[in-house]
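Before any comments, here is the structure.
The values are calculated or read from the model by the stated rules, or taken from the named source; none is laboratory data. Being a predicted model, the structure only gives us computed values, none of them experimental. For neighbour counting, all protein chains shown are included, and Cβ atoms are generated from backbone atoms with ideal geometry for every residue, glycine included.
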Amino acid sequence: MTPLLVDGIKFVDVTKGGTERCWNEAYSIRPALGFIHHFIQGGRWWIGKPDTGCNVSSHFTIDANDLEGNGELWQNVPLNLVAWTNGGINRPTWPLVSEVPFHYSKRKGRKIQDGNRPTFTCEAAGFVVVPYSYSKEKWLGLPAETYHVYGEHNVPDKFGRAMKDFPEHLIAAQIECTMATFDLGLMKYDPSEETITGHFALDSVNRPHDPNMHWREKWLPHIISTVRGKQPKLPDSSRIARAEMTKAEAAALEANLRLRKRIETRKDREKRLTLVGIDRRLQRVERVLN
């Protein structure tokens, strides 16, 4: 397998040759349905380095806390592999979830929808809600008071500390990696609110604040509009993402069109017969009256 990498983005492999922290190419669904953004709730080191021992991964990670790399964007998983980021789908609000196929999970003993297979993912370092029970020091290695929760600028969090807005270099990195997947023709649909979203759309129960409401309302529309505005207008035949429909899809579409045509033809015939019947009745009435 030739790894599919993005030119200009540093590649730091966490897959150990494709055997750990990701699934192989055969398991992926490409063209992908969506690009899903996450925040790590801490530093990216636990997900972005191959020696951390954690069994998670993301196609892209962003260092956003200025401690190392000043917003540097990494690619950690080739785009033809499936990263372990989204987890299960739980009460989703994502409109495209209906296109995600079910498969049997041995671990759960039932059929499930896997949010990893049809998506690309980006994990950005930083906190979007007040940290959970674990400490910030565990992830970033520095005193907790040196960090902020990203949100609306100067609005205090529940501990009274002023939040700061998401830094521009973080948003720029999110735009860059998102745009790369569309430019490479790896997405099934054009950039939109359906194809670019956050983890909250796949799991509204366990990840309702990933990312938080401020990012959703201010920065997600900006990311979508920027990617959409810079997306080259290419003919369908030149895009992998627009890919030719499978024979089954094409046959189903053709059969549906034939059925609709028959229905419309039958309705038109019924209308004509109805009108003819009305005309004949009117003619009989006129003859009686005359």
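For the stretch 3-21, indicate whether the set of residues that are over 23 Å from His169 (Cα atoms), modelled with pLDDT of 85 or more and among the β-branched types (Val, Ile, Thr) is non-empty. No, that holds for no residue. Look at Thr52 and say whether it is over 22 Å from the mean Cα position of the chain (by Cα), more than 20 Å from Arg207 (Cα to Cα) and at pLDDT below 85. In short, yes. For the stretch 208-228, the candidate set comprises residues that are touching a residue at least 60 places away in the same chain (Cβ under 8 Å) and assigned to a loop (DSSP other than H, G, I, E, B); within that set, the residue that is farthest from Gln174 (Cα to Cα) is His209. Checked against the criterion of being at pLDDT 90 or above, under 22 Å from Trp23 (Cα atoms) and crowded, with 18+ Cβ neighbours inside 10 Å, the stretch 155-178 contains one or more residues that satisfy it. Filtering the stretch 77-115 to residues that are assigned to a loop (DSSP other than H, G, I, E, B) and touching a Cys at 6+ places or on another chain (Cβ under 9 Å) leaves Val77, Pro78, Leu81, Trp84, Thr85.
Does Trp139 count as assigned by TED's automatic domain parsing to the domain that holds Asn76, aromatic (Phe, Trp, Tyr) and at pLDDT 65 or above? In short, no.
Kindly indicate whether Arg242 is at pLDDT below 90, surrounded by 10 or more Cβ atoms within 10 Å (Cβ to Cβ), charged (D, E, K, R) and under 29 Å from the mean Cα position of the chain (by Cα). So Arg242 passes the test.
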